[in-house]
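Undergrad: Quick one: the structure is below, and I'll ask about it shortly.
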Amino acid sequence: MNNIIAKTGQSWKLIFLLVAMLLAGIAMAYALLSISVLSNTLFYMYMLSGVWIGALGFIYVCFCIQCPTCGDKWFWNAVSGKESGEWGLWLKSLNACPKCGESFDT
Ligand SMILES: [Zn+2]
């Protein structure tokens, strides 16, 4: 276990994001598949809740995956500062905080 997110016990936040994205996808897929039977209001409700669940999950993870020592927001740094194809790998290869250098090895 070298990754700092795992070492600081924050992996569940990534799983939380995955579940939120999945729920958002299901809500929107359901709305699109049932477009002929749903009323306009219900259709919008499903689409909107899908967008909100996804967005809130993402925002939560952006602000809450952080360094316990200096508060650096690792996930946010990854998605805002790296190329779209690279941030996942960058995040995965982090084994010490890029800001304060803490490696959280016990
Ligand atoms: Zn730090």
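Any read-out appearing in this document is the output of simple, stated calculations on the displayed coordinates, not a laboratory observation. It should be emphasised that the depicted structure is a prediction, and the values quoted were computed from it without experimental measurement. Note that each Cβ is placed from the backbone with ideal geometry, even for glycine, and that neighbours are counted across all protein chains shown.
Undergrad: Under a GNM of the chain (C-alpha, springs under 10 Å), which listed residue has the highest mean-square fluctuation: Ile35, Ile59, Ile15?
TA: Ile35
Undergrad: Mind checking the log10 I(q)/I(0) for the chain at q = 0.13, 0.24 Å⁻¹? Debye, one equal scatterer per Cα, no solvent, two decimals.
TA: Listed by q, the Debye log ratios stand at -0.56, -1.22.
Undergrad: If you don't mind, another one. Got a sec to turn the phi values of the stretch 36-44 into Karplus ³J(HN,Hα) couplings, 6.51 cos²θ - 1.76 cosθ + 1.60 with θ = phi - 60°, whole Hz, x for Gly and Pro?
TA: 7, 9, 7, 6, 4, 4, 5, 4, 4
Undergrad: Most exposed first by the Cβ proxy, i.e. fewest other Cβ within 10 Å, how do Val61, Val51 rank? Don't jump to the answer; show the numbers that get you there.
TA: Numbers: Val61 20, Val51 13.
If I rank by nearby Cβ atoms, fewest first, I get Val51, Val61.
Undergrad: Here is a further query. Under 12 Å from the Cβ of Ile65, count the other residues' Cβ atoms, weight Lys and Arg +1, Asp and Glu -1, and hand me the total. Walk me through the intermediate numbers first.
TA: Values: positive: Lys13, Lys73; negative: Asp72.
Local net charge: +1.
Undergrad: How long is the gain from Ser34 to Ala55 if the chain were fully straight, where each residue apart is worth 0.36 nm and the alpha carbon distance is subtracted? Present the calculation step by step, with values, prior to reporting the outcome.
TA: Numbers: separation 21, 0.36 × 21 = 7.56 nm, distance 2.28 nm.
Residue separation times 0.36 nm, minus the Cα-Cα distance, leaves 5.3 nm.
Undergrad: Could you give each residue of the stretch 26-33 its phi-based ³J(HN,Hα) in whole Hz, using Karplus coefficients 6.51, -1.76, 1.60 with θ = phi - 60°, and x for Gly or Pro?
TA: Going residue by residue, I get 5, 4, 6, 5, 4, 4, 5, 6 Hz, with x marking Gly and Pro.
Undergrad: Next up: Looking at the chain as a GNM with Cα springs under 10 Å, which of Ala55, Ala20, Ala29 has the largest mean-square fluctuation?
TA: For the chain, modelled as a Gaussian network with Cα springs under 10 Å, the answer is Ala29.
Undergrad: Further, regarding this structure: With θ taken as phi - 60° and the coefficients 6.51, -1.76 and 1.60, list the Karplus ³J(HN,Hα) couplings across the stretch 60-65 in order, rounded to whole Hz; mark glycine and proline as x.
TA: Working through the residues one at a time gives 4, 5, 4, 8, 9, 8 Hz.
Undergrad: Sort Ser84, Ser49 so the one with the fewest other Cβ atoms within 10 Å of its own Cβ comes first.
TA: Values: Ser84 7, Ser49 15.
Placing the least packed residue first, the sequence is Ser84, Ser49.
Undergrad: Using helices alone, what [θ] at 222 nm do you get for the chain, with -39,500 (n - 2.57) per DSSP H run of 4 or more residues, divided over all residues and rounded to the nearest 500? Show your work: numbers first, answer last.
TA: Numbers: 5 runs with 67 residues, N = 106.
Rounded to the nearest 500, it is -20000 deg cm²/dmol.
Undergrad: Check Asp72: other-chain or 5+ apart residues with amide H under 5 Å from its amide H, H built from backbone geometry?
TA: The list, which skips near neighbours in sequence, is Cys67.
Undergrad: Which residues does a label at Asn3 reach in the stretch 90-104, if reach means a backbone N under 19 Å from a point 7 Å past the Cα toward the Cβ?
TA: What the label zone holds, given the 19 Å backbone N cut-off, is 90-99, 102-104.
Undergrad: Set the Förster distance to 22 Å, then compute FRET efficiency between Val19 and Leu48 from the Cβ-Cβ distance, nearest 0.05. The partial results should precede the final answer.
TA: On the way: r = 19 Å, r/R0 = 0.86.
For R0 = 22 Å, the calculated efficiency reads 0.70.
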